[in-house]
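Undergrad: My questions will all concern the structure given below.
The values are calculated or read from the model by the stated rules, or taken from the named source; none is laboratory data. None of these values were measured; they are calculated from a predicted model. Note: ideal-geometry Cβ built from the backbone for every residue, glycine included; neighbour counts use all protein chains shown.
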Amino acid sequence: MPSALTNPMDALRIANSIHARLNPNLIAPFSFSLVAVNGPRMVRCAGGLMVQAEALPPIPPDLLLIPGLEYQGELDCKKLLNSLHAEIDLLIHYAKAGVQIGAHCSGTLLLAHSGLLDNKAATTSWWLVPTFLRQYPSILLQSNAMVTEDGQFITAGAVTALFTMLLRIIERRAGAELAQNTARFLLVDYTQHSQAAFVSKVLMQRPRCAFGDRVEGYLQRQIAEDTSPISVQALAEHAAVSPRTLLRRFRALYQQSPQAHLQDLRVERAKSLLAATELELPDILSQCGYTDLASFRKLFKRKTALTPSAYRARFSTRLKPIR
């Protein structure tokens, strides 16, 4: 992805420029380059942009950043990861040499595929969480975290989280003042720690299958019903499987129980109504299968890290009048 290459270089270049303005007699704190295992060569990015990648340096760098990868679906992702033998060998070699290794978005899948994150804390973009949990269960995934660090490995979510990661690296290596000034130029608030408010269950990456389509359709119709536990028997009959098979296949697909998933879908409905309508919260609850306002507020904040009113203020899609 082009932004995975250009955004880090832009952030570091801006940091160097600010440093030069404030410290004209000191050398720039950062030097950086775009490298390829089999470089030098031209690399075609997603969308067709061509960039020049250099050969690997003779001495390992202080930090190696893995860009996000473009692929079409989970099967294509597996095929791509299994083809990157030289890149994985390099990651393992650099890790043994003590190099700090960072990855964001789908680039975290490559770092995970190398085995270097086993039994370590990591994060990724929220829509990749189901894929990550299925393929790398030994990793301690912090799914709501914007950025995580565990030893020499640092991982982040999507584009804004990449900037957050870079700014934290700048702060560690060149001081808080330079990081804060760089953040001002980029208009990035890198004090945010959670991506929970941005999560959309319906956009999460999962393999399509007839079983998933059947249970998802059934649960979507149950959203506005009461909050009593969902009937596993009824859901199993709708999916044309036994209750035992239903629970096993459901957990493999969603990494949670049917009741927990239905609860998430109800929160998703509430988020949509908060953002797109002027309905009062009690009216929203009635369309999401809830009657207890206090318990719903607790659930909503646990899932999104925001209160319902704060979520509406931040994500409302309705145009606000200009005063």
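Undergrad: Identify the residue in region 71-81 that is at pLDDT below 85 and touching a Ser or Thr at 6+ places or on another chain (Cβ under 9 Å) and, among all such residues, is nearest to HIS104 (Cα to Cα).
TA: Step by step, filter region 71-81, then rank; the result is TYR71.
Here is a yes/no grid of residues against (1) basic (Lys, Arg); (2) farther than 27 Å from PHE32 by Cα; (3) surrounded by fewer than 22 Cβ atoms within 10 Å (Cβ to Cβ); (4) touching a Pro at 6+ places or on another chain (Cβ under 6 Å):
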position	(1), (2), (3), (4)
THR124	no, no, no, no
VAL159	no, no, yes, no
THR191	no, no, yes, no
PHE198	no, yes, yes, no
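Undergrad: Could you check region 50-62 and list, in sequence order, the residues that are farther than 23 Å from LEU166 by Cα and part of a strand (DSSP E or B)?
TA: MET50
Undergrad: Going by the structure shown, is LEU111 assigned to a helix (DSSP H, G or I), under 16 Å from the mean Cα position of the chain (by Cα) and under 24 Å from THR6 (Cβ atoms)?
TA: Answer is yes for this residue.
Undergrad: If I ask for residues that are closer than 16 Å to LEU166 by Cβ and either free of Cβ contacts under 8 Å to residues at least 60 places away in the same chain or basic (Lys, Arg) (or both), which ones from region 11-38 would you list?
TA: Across region 11-38, the qualifying residues are ARG13, ASN16, SER17, ALA28, SER31, PHE32, SER33, LEU34.
Undergrad: Say we look at region 175-211 and pick out the residues that are modelled with pLDDT of 85 or more and touching a Lys or Arg at 6+ places or on another chain (Cβ under 8 Å); which of these is farthest from TRP126 (Cα to Cα)?
TA: This residue is ALA179.
Undergrad: When region 249-262 is examined, which residues are found to be in a helix (DSSP H, G or I) and surrounded by fewer than 18 Cβ atoms within 10 Å (Cβ to Cβ)?
TA: Hits for region 249-262 are ARG249, ARG251, ALA252, GLN259, ALA260.
Undergrad: Going by the structure shown, is PRO229 modelled with pLDDT under 95, surrounded by fewer than 13 Cβ atoms within 10 Å (Cβ to Cβ) and not assigned by TED's automatic domain parsing to the domain that holds PRO130?
TA: yes
Quick grid of which residues meet (1) in a loop (DSSP other than H, G, I, E, B); (2) surrounded by fewer than 17 Cβ atoms within 10 Å (Cβ to Cβ); (3) in the same structural domain as THR131 (by TED's automatic domain parsing):
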position: ILE27; (1), (2), (3): yes, yes, yes
position: PHE30; (1), (2), (3): yes, no, yes
position: GLY48; (1), (2), (3): yes, yes, yes
position: CYS77; (1), (2), (3): no, no, yes
position: LEU80; (1), (2), (3): no, no, yes
position: LEU91; (1), (2), (3): no, no, yes
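Undergrad: Can you pull out the residues in region 253-283 that are free of Cβ contacts under 8 Å to residues at least 24 places away in the same chain, over 26 Å from LEU128 (Cβ atoms) and hydrophobic (A, V, I, L, M, F, W, C)?
TA: Answer for region 253-283, where residues must be free of Cβ contacts under 8 Å to residues at least 24 places away in the same chain, over 26 Å from LEU128 (Cβ atoms) and hydrophobic (A, V, I, L, M, F, W, C): LEU273, LEU279.
Undergrad: Moving on. Identify, please: which residue in region 273-323 is in a loop (DSSP other than H, G, I, E, B) and touching a Leu at 6+ places or on another chain (Cβ under 7 Å) and is, among those, modelled with the lowest pLDDT?
TA: THR291
Undergrad: Looking for something under 29 Å from ALA183 (Cα atoms), among the polar types (S, T, N, Q), modelled with pLDDT under 95 and part of a loop (DSSP other than H, G, I, E, B) - is there at least one such residue anywhere in region 5-25?
TA: Yes, region 5-25 contains a residue that is under 29 Å from ALA183 (Cα atoms), among the polar types (S, T, N, Q), modelled with pLDDT under 95 and part of a loop (DSSP other than H, G, I, E, B).
Undergrad: In this structure, is SER143 surrounded by fewer than 23 Cβ atoms within 10 Å (Cβ to Cβ) and either on the phi > 0 side of the Ramachandran plot or free of Cβ contacts under 8 Å to residues at least 24 places away in the same chain (or both)?
TA: Numbers: surrounded by fewer than 23 Cβ atoms within 10 Å (Cβ to Cβ): yes; either on the phi > 0 side of the Ramachandran plot or free of Cβ contacts under 8 Å to residues at least 24 places away in the same chain (or both): yes.
Yes; evaluated as a whole, the condition is true for this residue.
Undergrad: At pLDDT 95 or above and over 26 Å from LYS96 (Cβ atoms): does that describe ALA28?
TA: When the stated conditions are applied, ALA28 passes them.
Undergrad: Can I ask one more? Anything in region 159-176 that is in contact (Cβ under 8 Å) with a residue 60 or more places away in the chain and touching a Leu at 6+ places or on another chain (Cβ under 9 Å)? List them, or say none.
TA: Listed by number, the residues that qualify are LEU162, PHE163, MET165, LEU166, LEU167, ILE169, ILE170, ARG173.
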